[in-house]
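Participant: Take a look at this one; I'll ask things after.
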Amino acid sequence: MLLCPPFSSAQTLRAVAARAGLLVGTCVTPEHFNEPQYANTLAREFNMVEPENAMKWRATEPARGEFDFTAGDRIVTFAEAHGMKVRGHNLLWDKYNPGWLATGHFTSPQLAEIMHNHIRTVVQHYAGRVFAWDVVNESFDAHGNIKSTLWYDQPGIGFAGQKTRYIEQAFRWAHEADPKALLFYNDFDVEAVNAKSDAMYAMVRDFRRHGVPIDGVGLQMHLSNLDPSALSSLAANIARFAGLGLQVHITEMDVALPVDHNGQLLHPEDLHRQAQIYRKVAAVCAAQPACTAFQTWGFTDRYSWIPRFTHGAKGQALVFDKNYQPKPADRALLQGLARVTPKVAGERKQECRCGK
Ligand code: G3I
């Protein structure tokens with residue numbers, strides 16, 4: 001039996017997700033919290049938030065050893081006031097690092113010390129308030145090779161040439177700082193079974209065998225299209241990570257549509273195509289107990305990284321329009337999240353460290 005209630009317009013994403021045993025989240029920017037429609041829509045519809053940029057290195061350690069938690073704390077405070085969980089993003093990435101770090105020409109021992117201090121300080125600051133972290137973000141290239149970065153071999157923290165060893169170290173330090181936090185590896189273009197997700201799978205299997213504290217993987221899901229085979233591949237991919245005892249979070253879903261120079265849709269019928277993509281992906285997640293969270297990368301077309309990133313060629317990627325009105329994608333997402341049996345909803349485990 002599927003839980004398929006008739007949806008009134010008052011039915012919220014978070015109410016439906018809660019029935020499915022799921023977290024439904026969005027990335028947020030605290031600068032917008034004083035905009036009533038932003039804050040109201042966010043609190044009404046979601047039970048999880050993630051900082052779009054506020055917990056990245058450039059925000060949290062703008063000068064070496066000097067930490068700034070102002071923006072991140074605003075998000076946590078907002079979330080706690082509205083009964084939402086906070087997903088931390090991210091502790092280690094080769095992008096959005098402060099200038100002092102990116103161009104500091106540090107030695108490997110210095111970098112190791114800097115990285116350890118950063119992870120320890122940030123994770124301890126949020127211990128008990130951030131339930132899960134993207135510990136490492138986007139380390140593989142499209143072929144499944146480890147990218148050449150500051151942290152790996154430019155010059156790296158001392159494990160150059162040892163592939164995933166620096167990632168392992170980051171997870172170990174994060175776990176030391178907050179043994180209760182769920183720890184995730186997060187990447188893009190790893191939704192389907194492909195060379196990149198194969199490499200991610202091999203890393204995670206190795207980590208599980210050797211007791212490296214990892215709890216899940218984040219599949220970002222930045223989409224423009226979705227062919228039918230992609231859905232079955234997504235389902236198979238989630239299943240194989242579940243087979244390792246991991247949780248899977250959909251972490252950054254959006255569906256970018258072609259727009260003109262005024263941001264208007266080139267093909268208005270795309271709104272329905274977009275809605276179907278949201279519905280189908282959400283349904284794949286909802287159907288597997290290991291898929292415990294579904295998150296979009298923003299919720300209103302008023303604020304999205306897509307137009308800037310595509311130089312205005314794409315936009316309208318989210319489920320609420322610029323005026324906070326629900327698009328077809330919103331009701332479709334709701335339907336997708338509801339495609340769950342009571343058995344699956346009951347089996348979904350939240351907020352535990354798997355097998356620990
Ligand atoms: O804050 C400055 C502002 O002072 C300045 O005037 C403006 C001029 O461009 O830039 C502002 O900073 C921008 C920042 O977003 C805040 O808007 C940066 O240039 C811009 O690079 C940054 O982009 C973010 C990007 O990550 C890099 O951190 C996007 O908002 C954010 O959506 C994007 O998110 C990533 C995830 O973390 C990882 N997965 C992919 C995803 C999309 O790229």
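The values are calculated or read from the model by the stated rules, or taken from the named source; none is laboratory data. Owing to the predicted nature of the structure, the values given are computational and were not obtained by experimental measurement. When we count neighbours, we look across all protein chains shown, and the Cβ atoms used for this are built from the backbone with ideal geometry, even at glycine.
Participant: Right, residue 137: within 20 Å of residue 186 (Cβ to Cβ) and either out of contact with any Pro (no Cβ under 9 Å at 6 or more places or on another chain) or surrounded by 14 or more Cβ atoms within 10 Å (Cβ to Cβ) (or both) or not? Full working, then the answer.
Facilitator: Details: within 20 Å of residue 186 (Cβ to Cβ): yes; either out of contact with any Pro (no Cβ under 9 Å at 6 or more places or on another chain) or surrounded by 14 or more Cβ atoms within 10 Å (Cβ to Cβ) (or both): yes.
The answer is yes for residue 137.
Participant: Right, here's the next one. Looking only at residues in segment 89-115 that are assigned to a strand (DSSP E or B) and in contact with a helix residue (DSSP H, G or I) (Cβ under 8 Å, 6 or more places away or on another chain), which one is surrounded by the most Cβ atoms within 10 Å (Cβ to Cβ)?
Facilitator: Restricting attention to segment 89-115, the residues satisfying the condition of being assigned to a strand (DSSP E or B) are 89-92.
So of that shortlist, the ones also in contact with a helix residue (DSSP H, G or I) (Cβ under 8 Å, 6 or more places away or on another chain) come out as 91-92.
Values: 91: 25, 92: 28.
Here the residue is 92.
Participant: Further, regarding this structure: When the residues of segment 50-73 are filtered to those that are in a loop (DSSP other than H, G, I, E, B) and within 16 Å of the chain's Cα centre (by Cα), which remaining residue is surrounded by the most Cβ atoms within 10 Å (Cβ to Cβ)? Steps first, answer last, please.
Facilitator: Just the residues of segment 50-73 that are in a loop (DSSP other than H, G, I, E, B), to begin with: 52-56, 61-62, 64-65, 67-69.
With the extra rule that they be within 16 Å of the chain's Cα centre (by Cα), the set shrinks to 52-56.
Values: 52: 20, 53: 16, 54: 24, 55: 26, 56: 23.
So, considering only residues that are in a loop (DSSP other than H, G, I, E, B) and within 16 Å of the chain's Cα centre (by Cα), the one surrounded by the most Cβ atoms within 10 Å (Cβ to Cβ) is 55.
Participant: Could I ask something else about it? Which number in (1) closer than 28 Å to residue 25 by Cβ; (2) β-branched (Val, Ile, Thr); (3) under 21 Å from the mean Cα position of the chain (by Cα) marks the one condition that residue 121 misses?
Facilitator: Of everything listed in (1) closer than 28 Å to residue 25 by Cβ; (2) β-branched (Val, Ile, Thr); (3) under 21 Å from the mean Cα position of the chain (by Cα), residue 121 misses just condition (3).
Participant: Hey, among 271, 266, 257, 244, which residue is at pLDDT 95 or above, farther than 22 Å from residue 50 by Cα, in contact with a Ser or Thr (Cβ under 8 Å, 6 or more places away or on another chain) and not β-branched (Val, Ile, Thr)? Steps first, please.
Facilitator: Working: 271 fails: in contact with a Ser or Thr (Cβ under 8 Å, 6 or more places away or on another chain); 266 fails: in contact with a Ser or Thr (Cβ under 8 Å, 6 or more places away or on another chain); 244 fails: in contact with a Ser or Thr (Cβ under 8 Å, 6 or more places away or on another chain).
The conditions single out 257.
Participant: Regarding segment 331-338, can at least one residue be identified that is within 16 Å of the ligand (Cβ to nearest atom), farther than 18 Å from residue 264 by Cβ and surrounded by fewer than 23 Cβ atoms within 10 Å (Cβ to Cβ)?
Facilitator: No, segment 331-338 contains no residue that is within 16 Å of the ligand (Cβ to nearest atom), farther than 18 Å from residue 264 by Cβ and surrounded by fewer than 23 Cβ atoms within 10 Å (Cβ to Cβ).
Participant: Quick check on segment 20-49: of everything there that is outside any helix (DSSP H, G or I) and of a type in the set (S, T, N, Q), which residue is farthest from the ligand (Cβ to nearest atom)?
Facilitator: Filtering segment 20-49 for residues outside any helix (DSSP H, G or I) gives 20-29, 33-35, 46-49.
Remaining after also requiring of a type in the set (S, T, N, Q): 26, 29, 34, 47.
Details: 26: 12, 29: 7, 34: 17, 47: 21 Å.
Looking at the filtered set, the residue picked out is 47.
Participant: Quick check: is even one residue across segment 237-259 aromatic (Phe, Trp, Tyr), in the same structural domain as residue 17 (by TED's automatic domain parsing) and without any contact (Cβ under 8 Å) to a residue 60 or more places away in the chain? Let's see the steps before the verdict.
Facilitator: Restricting attention to segment 237-259, the residues satisfying the condition of being aromatic (Phe, Trp, Tyr) are 241.
If we keep only those that are in the same structural domain as residue 17 (by TED's automatic domain parsing) too, we end up with 241.
If we keep only those that are without any contact (Cβ under 8 Å) to a residue 60 or more places away in the chain too, we end up with 241.
Checking segment 237-259: at least one residue is aromatic (Phe, Trp, Tyr), in the same structural domain as residue 17 (by TED's automatic domain parsing) and without any contact (Cβ under 8 Å) to a residue 60 or more places away in the chain.
Participant: May I ask you to verify whether residue 84 is within 16 Å of the ligand (Cβ to nearest atom), of a type outside the set (Val, Ile, Thr) and surrounded by 19 or more Cβ atoms within 10 Å (Cβ to Cβ)? Outline the logic, then answer.
Facilitator: Values: within 16 Å of the ligand (Cβ to nearest atom): no; of a type outside the set (Val, Ile, Thr): yes; surrounded by 19 or more Cβ atoms within 10 Å (Cβ to Cβ): yes.
Here the answer is no, as residue 84 does not meet what is asked.
Participant: Taking segment 298-320, which residues are in contact with a Phe, Trp or Tyr (Cβ under 9 Å, 6 or more places away or on another chain) and either more than 11 Å from the ligand (Cβ to nearest atom) or part of a loop (DSSP other than H, G, I, E, B) (or both)?
Facilitator: First, pick out the residues of segment 298-320 that are in contact with a Phe, Trp or Tyr (Cβ under 9 Å, 6 or more places away or on another chain): 298-306, 317-320.
The answer is 298, 299, 300, 301, 302, 303, 304, 305, 317, 318, 319, 320.
Participant: Continuing with the same structure: Consider residue 119 carefully, then state whether it is outside any strand (DSSP E or B), out of contact with any Lys or Arg (no Cβ under 9 Å at 6 or more places or on another chain) and within 16 Å of the ligand (Cβ to nearest atom).
Facilitator: Details: outside any strand (DSSP E or B): yes; out of contact with any Lys or Arg (no Cβ under 9 Å at 6 or more places or on another chain): yes; within 16 Å of the ligand (Cβ to nearest atom): no.
No; evaluated as a whole, the condition is false for this residue.
Participant: Moving to a separate point now. Could you grab me the full set of residues in segment 182-191 that are surrounded by fewer than 24 Cβ atoms within 10 Å (Cβ to Cβ) and either without any contact (Cβ under 8 Å) to a residue 24 or more places away in the chain or away from the ligand (no atom under 13 Å from the Cβ) (or both)?
Facilitator: Filtering segment 182-191 for residues surrounded by fewer than 24 Cβ atoms within 10 Å (Cβ to Cβ) gives 187-189.
Selection gives nothing.
Participant: Let me ask you something else. Within segment 132-148, track down each residue that is over 16 Å from residue 90 (Cα atoms) and either within 13 Å of the ligand (Cβ to nearest atom) or assigned to a loop (DSSP other than H, G, I, E, B) (or both). Before the answer, list the steps.
Facilitator: Step one: of segment 132-148, the residues over 16 Å from residue 90 (Cα atoms) are 141-148.
Those that are over 16 Å from residue 90 (Cα atoms) and either within 13 Å of the ligand (Cβ to nearest atom) or assigned to a loop (DSSP other than H, G, I, E, B) (or both): 141, 142, 143, 144, 145, 147, 148.
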